[in-house]
Amino acid sequence: MKAIRALRRRQGEHAILEGPHLVEEAVSARIEIQSLLLTPELASLPRWRDLGASLARPPIVVAADLLADLADADSPRGALAVARLARGGASTLPVVEDGLYLYLDGVQDPGNLGALARVAEAFDVAALALGPGCAHPNHPRALRASAGSLLRLTAARDVGAEALASHLASISPRWAALEAHGGVALPGERPEGPLVLALGAEGSGLSEATRARVSTLWTIPLSGRVESLNVAVAAGIALHALRPRRARV
């Protein structure tokens, strides 16, 4: 339990998974569960007895108030696990012909990172590349907001724009970015070939290193007095517009 509290202060190759949904998603994704804590109510259910029996270590049954004290969420709903979830650098990203990549440049809010991962998976993004200064993808809030997407989608950390470009050199992707003002309208469908879509933090925007890579700036037209959109909302609009036409329903 001291180790779990320590994990909350620093993210590394381990992650705290809060709630039954994330734990089940991790097991389904064959992620190594090193410890699993369950409330008596959840531990008594047949499917959780079966799940616990499949792990290398049996679950630890703890009182509900003790589990709540360990969790970052207001209500972990009966389950909390420690999983090994290593995150590498640019070299761990898949190289996909005609792939769409999301490059996050300084997105520091874990909730936004998790929401971006969920949107990315929904629209068939090949992988997430997290630039220097981004929130850690193993942060509990990022994992919860992703609803499991950060357990399935490859997310590389501390990836500079040049490092990503070098890793993807064999497919030579086009680089584009979203800008709140001054860019051209989003295309009606995704341009041909591989693409890196860069998104900056809502306050500071794109770094100079990323701007140097970008050849196209896209802006989402807004009406009324709204100056800008949350980064995850903007990403969802852009990625929906960039889906191949054959994928639309």
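Any read-out appearing in this document is the output of simple, stated calculations on the displayed coordinates, not a laboratory observation. Everything quoted here is computed from the prediction, not taken from an experiment. When we count neighbours, we look across all protein chains shown, and the Cβ atoms used for this are built from the backbone with ideal geometry, even at glycine.
For region 90-247, what class follows from the C-alpha gyration tensor (a ≥ b ≥ c being the square roots of its eigenvalues): rounded when a/c is under 1.5, otherwise prolate if a/b is larger than b/c, else oblate? Numbers along the way, then the final one.
Details: a/c = 1.27, a/b = 1.06, b/c = 1.20.
In terms of gyration-tensor shape, rounded.
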Where Lys and Arg each count +1 and Asp and Glu each count -1, what net charge lies around residue 140 among other residues with Cβ under 10 Å from its Cβ?
+1
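Among 47-60, 229-242, 124-137, what's the highest-first ranking by average C-beta atoms within 10 angstrom per residue? Write down the numbers at each step before the final one.
Numbers: 47-60: 13.2, 229-242: 18.4, 124-137: 22.1.
Highest to lowest by the protection proxy: 124-137, 229-242, 47-60.
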In Å, the Kirkwood hydrodynamic radius of region 47-108 over pairs of distinct alpha carbons?
15.9 Å
Using the Cα centre as the reference, give the magnitude of the dipole from point charges on the C-beta atoms of region 2-84 (Lys, Arg: +1; Asp, Glu: -1; all else neutral), rounded to the nearest 20 debye.
320 debye
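Over region 2-84, consider all pairs of different Cα atoms and compute the Kirkwood hydrodynamic radius from their mean reciprocal separation; express it in Å, one decimal. Provide the component values of the computation, followed by the final result.
Details: mean 1/r = 0.0791 Å⁻¹.
Taking every pair of different Cα atoms in region 2-84, averaging 1/r and inverting gives 12.6 Å.
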Peptide ranges 36-45, 152-161 listed from the most packed, as the mean C-beta count within 10 angstrom indicates:
152-161, 36-45
Compute the helix-to-body angle for 231-241: its Cα long axis versus the longest principal axis of the chain, expressed 0 to 90° and rounded to tens.
60 degrees
Which loop GluC sites (Glu not before Pro) in region 144-249, with loop taken from DSSP, have no more than 16 other Cβ atoms within 10 angstrom of their Cβ?
189, 192, 227
For region 162-233, what does the relative contact order come out to in percent, with C-alpha contacts under 8 Å and a separation of six or more?
41 percent
Cβ-based net charge around residue 201, under 9 Å, with every Lys or Arg adding one and every Asp or Glu removing one:
-3
